[in-house]
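One structure is given here, and the rest of the page talks about it.
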Amino acid sequence: MGTGGTPVQCAMSSHYYKWHHGQVHYTKRGLGQPLVLIHNVYPGASQEEFEHNIPELSRRFTVYGLDLLGFGASDAPRIKYTAQTYIELVFDFLREVVQQPAHVVSAGLTCAYVTEVAAWRKNLFDRLAFICPRSEPTYLDSPRWFAPIRRFFLSTPSLGSGFYETIAGETELRRFLNDCFHCPRAITPDLVQRLAENARQRGSIHAYASLITGYLDWSLLGSLPKVDVPILLIWGQHARPTPVEHSVRLAAVARQCRLEIVDGAGAWVHNEQSARVNRLIEAWCDGQLAVQTSVRG
């Protein structure tokens, strides 16, 4: 703390966690209680998804920005990525790197992985914040028996590289972001370019192949009732493909929950309305918001 109780802003530092599947990159910034940020899963994903949150939150917390295996600056080995892969990574990272109860903020599909860890390792967590968590399967238009064949095809560079290069191109990534944002002006050329650069990292095709073949799906609704950690649900009023109507179902099955719906934002509410979301996360982690099913923010 600085003089007069003013928090000291610390520079962000880059680190690598030597995990059994490869080097996992994370950034660390700030002083205070640990706050771990876990990005959603999509082509070009990384902890940069929280670029508008880390500077502000690090004034109050020690913020860990995690790049999941296969994304960002982390290694991307040629393995079969599954939901269990990331469940184990979240558990090991909290236990071996953070080493104390942490607040955890996650987005989209990764909320299910955090939920599963919290269901059986409550001691690793303080409070949770979920940003537009995904509770529906990501891939429904093929029979389940076809998934291994399709994943093999997509994850073999000589076979699936052309398809992935199209998906990871700026045109398709802009289309993806159009579904994530409410305001088109928030989709800047710089944002699209950075996602495209991340998506072209060596080996990034492997995690994507598992994503679109359903290997990264996990039952959020199955794990959520077992969690005895307070959860803040943050939803953009105009979120797609996880509309705000999904929030009611999740809030109904959670043991300890507060729902905040933020106007003027889509699924990337933490980007479009970052100031509002940062205040919600700070107040939640500081215990200033009560556990309850809330209304629009």
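The values are calculated or read from the model by the stated rules, or taken from the named source; none is laboratory data. Bear in mind that the values here come from a model prediction, so they are computed numbers and not experimental data. With ideal geometry, Cβ positions are generated from the backbone for all residues, glycine too; neighbour counts draw on all protein chains shown. The protein model used for the area step is the full one, side chains on, heavy atoms only, and it has no ligands, DNA or RNA in it. Shrake-Rupley method; radii C 1.70, N 1.55, O 1.52, S 1.80 Å.
Accessible surface calculations at 1.4 Å, restricted to protein heavy atoms, place the chain at 43 Å² per residue. Relative protection proxy for 63-73, 207-217, 168-178, 234-244, from highest mean packing down: 63-73, 207-217, 234-244, 168-178 (other beta-carbon atoms within 10 angstrom).
Per-residue Karplus couplings for the stretch 58-64, computed as 6.51 cos²θ - 1.76 cosθ + 1.60 with θ equal to phi - 60°, are listed in order as 6, 6, 10, 9, 8, 9, 9 Hz, Gly and Pro entered as x. Overall shape of the stretch 84-135 was characterised from the C-alpha gyration tensor. The equivalent ellipsoid obtained from it has semi-axes of 17, 12, 9 Å, in decreasing order. In order along the stretch 264-276, phi translates into HN-Hα couplings of x, 8, x, 5, 8, 4, 5, 9, 5, 10, 4, 4, 5 Hz, rounded to whole numbers, per the Karplus curve 6.51 cos²θ - 1.76 cosθ + 1.60 with θ = phi - 60° and x for Gly and Pro. Size descriptor for the stretch 207-297, Kirkwood hydrodynamic radius: 14.2 Å (Cα pairs only, one decimal).
Using a probe radius of 1.4 angstrom, the carbon and sulfur fraction of the accessible surface of the chain is 52%. Karplus-derived 3J(HN,Hα) values for the stretch 21-26, using 6.51 cos²θ - 1.76 cosθ + 1.60 with θ = phi - 60°, are 9, x, 6, 10, 7, 8 Hz; glycine and proline are entered as x. Amide H contacts for residue 239 (H built 1.01 Å from N in the peptide plane; partners 5 or more residues away or on another chain; cut-off under 5 Å): 244. Count Lys and Arg as plus one, Asp and Glu as minus one, and take only other residues whose Cβ is under 11 Å from that of residue 198; the net charge is then -2. Where the alpha-carbon atoms of the stretch 33-115 are placed on the principal axes, they occupy 38, 25, 21 Å, in descending order. Dividing the summed -39500 (n - 2.57) terms of all DSSP H runs of n ≥ 4 by the residue count of the chain sets its mean residue ellipticity at 222 nm at -10000 deg cm²/dmol.
Angle, helix 170-180 long axis vs. longest principal axis of the chain, Cα atoms, 0 to 90°, nearest 10? Rounded to the nearest ten degrees, it is 40. Placing unit charges on the Cβ atoms only, positive for Lys and Arg and negative for Asp and Glu, gives the chain a dipole magnitude near 360 debye about its Cα centre. For residue 28, a cut-off of 26 angstrom between C-alpha atoms picks up these lysines, skipping any fewer than 8 places away in its own chain: 18, 122. Would the stretch 18-68 count as rounded, prolate or oblate if I go by the C-alpha gyration tensor, calling it rounded below 1.5 in a/c and otherwise prolate when a/b exceeds b/c, oblate otherwise? Because a/c hits 1.5 or more and a/b fails to exceed b/c, the stretch 18-68 counts as oblate. Stokes-Einstein diffusion for the stretch 247-297 at 10 °C, viscosity 1.306 mPa s, with a Kirkwood radius from C-alpha pairs, works out to 137 µm²/s. DSSP beta bridges fully contained in the chain are about 30 percent antiparallel. For the charge dipole of the chain, defined by +1 on Lys and Arg C-beta atoms and -1 on Asp and Glu C-beta atoms about the Cα centroid, which residue among 24, 230, 187 has the Cα displaced farthest towards the positive pole? Checking the options against the dipole of the chain, the answer is 230.
Straight-line cross-link reach from residue 226 at under 12 Å between alpha-carbon atoms covers these aspartates and glutamates, not counting any fewer than eight positions away in the same chain: 116. Highest GNM mean-square fluctuation among 230, 189, 34, for the chain modelled with Cα contacts below 10 Å: 189.
In degrees between 0 and 90, to the nearest 10, how far off the longest principal axis of the chain does helix 157-167 point, with axes built from Cα atoms? With rounding to tens, the tilt is 50 degrees. Measuring nothing but alpha carbons in the chain and taking Rh as the Kirkwood radius, the Rg to Rh ratio lands at 0.95.
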